[in-house]
Amino acid sequence: MIKERLAKFHTILSQRGVDAALIVDPANIRYLSGYSGDDAYLFISPTQQALITDSRYTEQAGRECPEYQIITHNLPHNSLFQAIRQLCQEGQIHRLAFERQHLSYLFFEQLGQSLASSVELIPVNELAESLRYCKSAAEIALMRQACAATDQAFSQICRYIRPGISEKDIASELLYIILGQGCESSFPIIVASGSNGSLPHAIPSDKIIAEGEFITMDFGCCYAGYHADMTRTVLIGQPTPLQQERYQLVLEAKHQAEAALHSGAIAKNIDAAARDFLTKHGYGEYFCHGLGHGVGLDIHEAPSLNRVSERVLSSGCLVTVEPGIYLPGWGGIRIEDTVLITDSGYQSLFTSPLELQCL
Ligand SMILES: [Mn+2]
């Protein structure tokens, strides 16, 4: 699998007119090498594949990355920059690409100072990201596992929620369930009840859950590096007519967006399908964020589904669809699925019910 990715990556390097690339982004490193630790750098040319890390990770890198030469950098004898300089010399590298979105200015300065004058640093966009845009069958299988665990977590948390517990209680129970399934939490769990629901990214608080309140939970299981992302808004007790009406509007906005999803669709048109529907019903101004985002080895990656993105969706893209309305003083509703784009449409990777769950 790594061999196939590297073969494609070499083609990208030659298309971009560079001799080698320095990869620093953790998700790109994982994609191209299998390495799951921190503080590593990949140096990739057609004839060299090196992973540079420090002594904490040397053994792990050796286990995870059989395709790579593992180099341990160790100040003051062999600094990271000396190691890169030497790799450039050995490979007779003249044009070294770096990830302009991910490399710090300080790192760029230090790298430039340490390289021989014959080496030119070339800033590039989306080197590995261009390969990650459409997921392989193996990646989709891992995402299905992450999503199945997330479905399981939702059904378990629904049995736990009752009036009198706090938002923090729900978040800690969700985390416990996620970890118990052999997963990590994809991101810090959001739990927002009652009027806190108007904060799209509320931090779980000590607020006590009360009868008649909506509870929005945004969470996901991360399995083998792949991030599921789900939001459900549930109700304690029975809905008022206004609560029911607003929930149905958000759910219908989600359906409208999904009906526009297919390989070849333009990202901003998907956002518009949901946004136009909510605007038509008077709630457009309360939908204050983009409709969704790509998801995979990063929780947020290409393609973004927002008002301006011209990206063309492809079969194999994984995206979230997550319309919401947020009314200060009243609360909020968000419903989110992680979905796979297919030639003819889309497929949700979740099976959890979308209809309002009254607990
Ligand atoms: Mn999301």
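Please give, to one decimal in nm, the separation of the simple spin-label points placed at GLN113 and GLN92, each 7 Å out from Cα toward the Cβ.
In this crude spin-label approximation the distance works out to 3.1 nm.
Classify the chain as rounded, prolate or oblate, taking a ≥ b ≥ c as the square roots of the eigenvalues of its Cα gyration tensor: rounded when a/c is under 1.5, otherwise prolate if a/b is larger than b/c and oblate if not.
prolate
Kindly report the accessible area of the stretch 137-348 per residue (heavy atoms of protein chains, probe 1.4 Å, no ligands, DNA or RNA), in Å².
Per residue, the stretch 137-348 has 38 Å² of solvent-accessible surface.
Output the lone cysteines of the chain: those with no second cysteine's C-beta under 4.7 Å from their C-beta.
CYS65, CYS88, CYS134, CYS147, CYS158, CYS222, CYS288, CYS317, CYS358
Heavy atoms only, probe 1.4 angstrom, no DNA, RNA or ligands counted: give me THR53, THR351 ranked by accessible area, highest first.
Ranking THR53, THR351 by accessible area, largest first, yields THR351, THR53.
Could you tell me the accessible area of HIS73 in Å² (1.4 Å probe, neighbours in place), rounded to the nearest ten?
40
Would you mind getting the accessible area per residue of the stretch 64-135, heavy atoms of the protein chains only, 1.4 Å probe, in Å²?
With all protein chains present, the stretch 64-135 gives 55 Å² per residue.
Under 16 Å from a point placed 7 Å out from the Cα of LEU175 along the Cα-to-Cβ direction: which residues of the stretch 212-227 have their backbone N that close?
218-222
Name the GluC sites (Glu not before Pro) in the stretch 257-359 that are in a loop by DSSP and that have at most 11 other C-beta atoms within 10 Å, would you?
GLU310, GLU355
Counting only protein heavy atoms and a 1.4 Å probe, tell me what percentage of the chain's accessible area is made up of carbon and sulfur.
Summing carbon and sulfur atoms, their accessible area is 51 percent of the total for the chain.
The values are calculated or read from the model by the stated rules, or taken from the named source; none is laboratory data. Treat the numbers as computed from the prediction; the structure is a model and nothing was measured. Cβ coordinates were reconstructed from backbone atoms using ideal geometry, including for glycine residues, and neighbour counts include every protein chain displayed. Quick note on the areas: whole protein, heavy atoms, side chains included, nothing else; ligands and nucleic acids left out. Shrake-Rupley method; radii C 1.70, N 1.55, O 1.52, S 1.80 Å.
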